[in-house]
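Down below is the structure, laid out as structure tokens.
Quick note: the coordinates plus some simple rules give every number you see, no bench work behind them. Quick caveat, the model's predicted, so the values are computed rather than measured.
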Amino acid sequence: MRSFFNRLKEGLTKTQKALAGQIKEVLGLAPAIDDALFEQIETALIGADCGLSVAEELIERLKKRCAKEKTAESSAVLGFIKDEMKTILTEGRGAETSAAPATPMVMIFVGVNGVGKTTSIGKIGCHYTQAGQRVIFAAADTFRAAAGEQLEIWAERANAQLVGSTAGGDPAAVAFDAVQAAKSRGIPHVLIDTAGRLHSKSNLMAELAKIRRTVDKALGPAGGTVEVLLVMDATTGQNGLAQAAEFTKVAGVNGIVLTKLDGTAKGGIVLAIAHQLKIPVRWVGIGEGIDDLETFDPDEFVQALFD
């Protein structure tokens, strides 16, 4: 089987052409490192959906780096661009720790309809069970009957346990039962599916806040780790940032699952998320296969984009 890095490179083909290809072409034709060159690089960044604020920040850093290093070589400028992109992506991750997260680790998946929440849960669940770790799926999307059925299929495929409810049941109650089951059975991972909802629907967003409070209550004094993962469709580009801001305000999003990177030339959205939202991208999806969703690595992403 091809490595995930090779599949990531292949999945980023459209973004490579729109971003890395444009930048390399501009640098190759540039007679000098000047403001005109920087403007062309900025245009390429914006075209790949990095966003205006990211593009301006990166260009400012690039100008300072070129001045400091006193470089006149376009090849060196390309290296600076890679370095600054990695820096922006790393800054978005905040302080990393080598300590293992407290268990149970509860992951609440949120987002609008159609972004791939249930499928992402299935693939991440497989990631853990293939590593020999037990998992519980919680079917807290109780409004769409097909969601529970889909999650059940993924639970069988991933060899995960499933906690469900009758149609129309209380989603928070499902989440509570799943966390309690994990605690009593010593299961380290709880992945909670939630109904897709528009960030503008206040009643549905309030329900998410309730699920989050209920998870904290179920964990109790002993605690655990809670990640609220916003599943975003990379093809929506900048439009997804407003969604992310609202979901973060209500549910305390602290990680992103970015799906469908292979279907877009807007892969620069990864930089926009890190810079504007200061929320780390935790997982990226680059295809339909069960192994086509993997943990996000900033260095690997930039290497796959340019090399």
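Across region 79-169, counting alpha-carbon atoms alone, Rg and Dmax equal 17.1, 55 Å.
Can you give me the convex hull volume of the Cα atoms of the chain, divided per residue and expressed in Å³?
Looking at the chain, the number lands at 127 Å³ per residue.
Expressed as a whole percent, the proportion of Cα-Cα pairs in region 2-73 lying more than 16 Å apart is 55%.
Dividing the convex hull volume of the alpha carbon atoms of region 44-86 by its residue count gives 64 Å³ per residue. When its C-alpha radius of gyration is set against 2.2 N^0.38 Å (N residues), region 258-307 gives a value of 1.10. The Cα-based radius of gyration and maximum Cα-Cα distance (Dmax) for region 194-262 are 13.2, 42 Å. Tell me, rounded to the nearest percent, the portion of alpha carbon pairs in region 132-255 spaced more than 18 Å apart. So the pairs more than 18 Å apart make up 54 percent of the total in region 132-255. Binning the alpha carbon pair distances of region 97-143 at 10 angstrom intervals from zero yields the distribution 20, 50, 26, 4, expressed in whole percent.
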